[in-house]
1. Which members of the range 172-189 meet the condition of being within 20 Å of Tyr214 (Cβ to Cβ) and surrounded by 15 or more Cβ atoms within 10 Å (Cβ to Cβ)?
2. If you go through the range 193-212, how many residues are surrounded by 12 or more Cβ atoms within 10 Å (Cβ to Cβ), modelled with pLDDT of 95 or more and aliphatic (A, V, I, L, M)?
3. Among the listed residues Arg60, Arg54, Arg114, Arg68, which satisfies the condition of being of a type in the set (Lys, Arg) and crowded, with 17+ Cβ neighbours inside 10 Å?
4. Filter the range 212-224 down to residues that are over 18 Å from Thr185 (Cβ atoms) and among the aliphatic types (A, V, I, L, M), then give me how many there are.
5. So if I check each of Gly168, Gly215, which one is part of a loop (DSSP other than H, G, I, E, B) and surrounded by 13 or more Cβ atoms within 10 Å (Cβ to Cβ)?
6. Cβ-Cβ distance below 8 Å, separation of 6 or more or different chains: which pairs start in the range 77-93 with a residue that is within 17 Å of Gly61 (Cβ to Cβ) and end on one that is hydroxyl-bearing (Ser, Thr, Tyr)?
7. Looking for whichever is outside the structural domain of Val211 (by TED's automatic domain parsing), assigned to a helix (DSSP H, G or I), within 12 Å of the chain's Cα centre (by Cα) and among the aliphatic types (A, V, I, L, M) here; the options are Ala71, Ala55, Ala137. Which one fits?
8. Anything in the range 74-93 that is closer than 17 Å to Glu42 by Cα and either of a type outside the set (Ser, Thr, Tyr) or in contact with a Ser or Thr (Cβ under 7 Å, 6 or more places away or on another chain) (or both)? List them, or say none.
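The values are calculated or read from the model by the stated rules, or taken from the named source; none is laboratory data. Here the structure is a predicted model, which is why all the values come from computation and not from measurement. Note that we place each Cβ from the backbone using ideal geometry, even for glycine, and neighbour counts take in every protein chain shown.
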Amino acid sequence: MKSVDDVREAGGADRERAGAAAGTVAGAVPAGKHAGGRRPGETRTREAILDAARACFAERGFDTTSMRRIAEAAEVDQSLVHHFYGTKENLFLQALEVPLKMPQVLAAAAEGGRDGVGERMVRAHLALWDDLSTRPALMTMVRSASVHRVAAARLRETATTILADALGNVVTGEDAVLRSNLIATQLIGLAMMRYIAVLEPLAAADTDTVVRYYGPALQAIVEG
């Protein structure tokens, strides 16, 4: 005859077998496992490295930023930087990706026709640079454009595609492309001196003041 302990043990074994069988049904995943894709810890590490790379490239540029410095900024071992991104060049390309919100912000600023579009574009441009989630990528692109061909190409793409598309309905005429180029030049120059060269008192001026003085210059180009 089985003892009470024997019955309990048998019942526990039956429950364990039932649980194991249920885990194989419909692709069930055992506790602590993931059904596929990158594990959450890997995703967080990869994002932390990319954020650190953007900050380092924005501050130092491509040539003077090392993989070791990026690893230190991300607080990870340097081998992980190589594991996720391979080379510094590849990591730099990832850091150059234009923020997804940029086309949306500029397009929204261009809505409403020509009246006041110069001031709206300046305000939107400053908002993107003041946003800490988008500034590092923009700084990396602008700071590195003079010394790195890929950064220069990305900057040209931003000027001739994203900005030109946003202004497509307000900058018209035979010289529309030239005027769009001039507007891009004005905005990039403003960002360079305010955020990278930190020219005072421009760098410390409030947004409304910059918009009031700079907006009319863009408006003149818009109107031709």
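1. Within the range 172-189, Arg179, Ser180, Asn181, Leu182, Ile183, Ala184, Gln186, Leu187, Ile188 meet the criteria.
2. Qualifying residue count, the range 193-212: 7.
3. Numbers: Arg60 fails: crowded, with 17+ Cβ neighbours inside 10 Å; Arg114 fails: crowded, with 17+ Cβ neighbours inside 10 Å; Arg68 fails: crowded, with 17+ Cβ neighbours inside 10 Å.
From the options Arg60, Arg54, Arg114, Arg68, the qualifying one is Arg54.
4. Of the residues in the range 212-224, the ones over 18 Å from Thr185 (Cβ atoms) are 212.
Next, from what is left, pick out any that are among the aliphatic types (A, V, I, L, M): none.
Residues flagged as over 18 Å from Thr185 (Cβ atoms) and among the aliphatic types (A, V, I, L, M) within the range 212-224 amount to 0.
5. Details: Gly215 fails: part of a loop (DSSP other than H, G, I, E, B).
Exactly one residue qualifies, and that residue is Gly168.
6. Lys88/Thr65; Lys88/Ser66; Leu91/Tyr85; Phe92/Thr140; Phe92/Ser144
7. Values: Ala71 fails: within 12 Å of the chain's Cα centre (by Cα); Ala137 fails: outside the structural domain of Val211 (by TED's automatic domain parsing).
Of the residues listed, the single one that is outside the structural domain of Val211 (by TED's automatic domain parsing), assigned to a helix (DSSP H, G or I), within 12 Å of the chain's Cα centre (by Cα) and among the aliphatic types (A, V, I, L, M) is Ala55.
8. Of all residues in the range 74-93, those closer than 17 Å to Glu42 by Cα come to 74-86, 91.
Within the range 74-93, Ala74, Glu75, Val76, Asp77, Gln78, Leu80, Val81, His82, His83, Phe84, Gly86, Leu91 meet the criteria.
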